[in-house]
Amino acid sequence: MSAKDKETLRAFYVGSRQQLYTYAVSITGNRESAEDAIHSVFEQLLRMGHSPADLRPYVFRSIRNKALDCLRRTQTRTDSMFEVTAASQQSESSPPFRPDEVERFLQTLSLDERETIILKIYNNFTFQEIANLRQVHLSTVASWYRRGLDELRALLNKEPL
Amino acid sequence: MNDLEQKLRNMSLASPSADLDRRMNDTLESEGAAPEPPFRLGQRWRFLVLAASGVAAMFILVQFVARHRQQQPTVYRIEATGRLRQLLLEPPSSGDSHAPFTVSGSTPRS
């Protein structure tokens, strides 16, 4: 791989590491597996010898595939994609939602709904970009998103936080 | 963006570990450890295929030439002298007086 392509990959990783990690953990439910999936995808890119033109969707798609493989192998979700600190669980200085509760509610959604919410809210994907990534129709993605948010809202409103 | 989306967006996310950053750095830094680019592997494969095709073509050509040589009739020229020459140049007019002249036998070995 040329030095320029390597630099492109490095810049992409540095700029997107948080998003890639959040997305991978949201699928694997395991931080270690998520990191392995990310590392593995970049190794694969280096082996390809060139940086793909559509780098962002390519990397997200590859990480999705790797993360799903990890999930199929382990079948256990132990880690949260949110930062769970002692401070975040205290009532006064805590954010509006408790991370562990949101994590638990997100897990009750379907994988499609959860993934769409993560990509839209935390990775700033548009519906069209998600539709391209998942190779489904735009309206399907919009439907997953709205249904997922509605379910999440109902769950969050039902349980006192 | 509605209130729920905004609240979700404001939540603190877990960050990748320093170990991942180190691994990624090592991977993106490494020059020699990286496997050969596919195009070089492709070139090598093309060269091997070409060489194998050349050897196969040469083998077929040699076989063809050898077989072609075997199929060509071998012509022996024998200089006849004496009685045989006379018989050949001036065959008898009547077939009854002499038996038909035939030559048979195996080819001489050199």
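Please find, in a Gaussian network model of chain A (springs between Cα atoms separated by less than 10 Å), the residue of A:ALA67, A:ALA11, A:ALA142 whose mean-square fluctuation is greatest.
A:ALA11
So what's the Cα pair-distance distribution over chain A, bin width 10 Å, in %?
It works out to 10, 35, 35, 16, 4, 0, in whole percents.
Which order do the peptides B:58-64, A:20-26, B:75-81 take when ranked by the mean count of other beta-carbon atoms within 10 Å per residue, highest first?
Descending packing order for the listed peptides: A:20-26, B:58-64, B:75-81.
Roughly what angle does helix A:31-48 make with the longest principal axis of chain A, taking Cα atoms, 0 to 90 degrees, to the nearest 10?
Taking the Cα atoms of chain A, the angle to A:31-48 is about 20 degrees.
Evaluate peptide A:121-127: per residue, the Cβ atoms of other protein chains within 10 Å of its Cβ; return the mean as an integer. Working shown, then result.
Details: counts 8, 4, 0, 1, 0, 0, 0.
Other-chain Cβ atoms within 10 Å of each residue's Cβ, averaged: 2.
Which of the lysines could a cross-linker span from A:LYS158 if the Cα-Cα distance has to be under 17 Å and same-chain partners fewer than 8 positions apart are dropped?
Within the straight-line cut-off, A:LYS158 pairs with B:LYS7.
Please give the calculated 222 nm ellipticity per residue for chain A, where each DSSP H segment of at least 4 residues contributes -39500 (n - 2.57) and the sum is spread over every residue; nearest 500 deg cm²/dmol?
-23000 deg cm²/dmol
How far is helix A:55-74 tilted off the main Cα axis of chain A, in degrees rounded to 10, range 0 to 90?
Relative to chain A, helix A:55-74 is tipped by roughly 60 degrees.
Averaging sequence separations of C-alpha pairs under 8 Å and six or more residues apart, then dividing by the length of region A:1-77, give the relative contact order as a whole percent.
Dividing the mean separation by the residue count of region A:1-77 yields 42 percent.
How high is the relative contact order of region A:1-132, given as a whole-number percent (alpha carbon pairs under 8 Å, six or more residues apart)?
On the way: 114 pairs, mean separation 37.7, N = 132.
With pairs under 8 Å counted, the relative contact order is 29 percent.
Shielding of A:31-42 by partners, i.e. mean partner chain Cβ atoms within 10 Å per residue? Mind dumping the intermediate values first?
Details: counts 5, 3, 0, 3, 7, 2, 0, 4, 7, 1, 0, 4.
Mean shielding count: 3.
Against the longest principal axis of chain A, how steep is helix A:99-108, in degrees 0 to 90 to the nearest 10, with axes from Cα atoms?
Between helix and principal axis, roughly 80 degrees.
So which aspartates and glutamates pass the test for A:LYS66, namely a Cα distance under 13 Å, with those fewer than 8 places away in the same chain ruled out?
Leaving aside aspartates and glutamates fewer than 8 places away in the same chain, those within reach of A:LYS66 are A:GLU32, A:GLU35, A:ASP36, A:GLU43.
Residues of B:20-28, mean number of Cβ from any other protein chain within 10 Å of their own Cβ, rounded to a whole number?
Mean shielding count: 6.
List the residues, sorted by chain then number, that are 5 or more residues from A:PHE82 or on another chain and whose placed amide H is less than 5 Å from its amide H.
So A:PHE82 has HN proximity to B:ALA14.
Readers should treat all values here as calculations from the given coordinates under stated rules, not as data from a laboratory. All values reported here derive from a predicted model rather than from experimental measurement. Here Cβ is always computed from backbone atoms with ideal geometry, including for glycine, and neighbour counts include all displayed protein chains.
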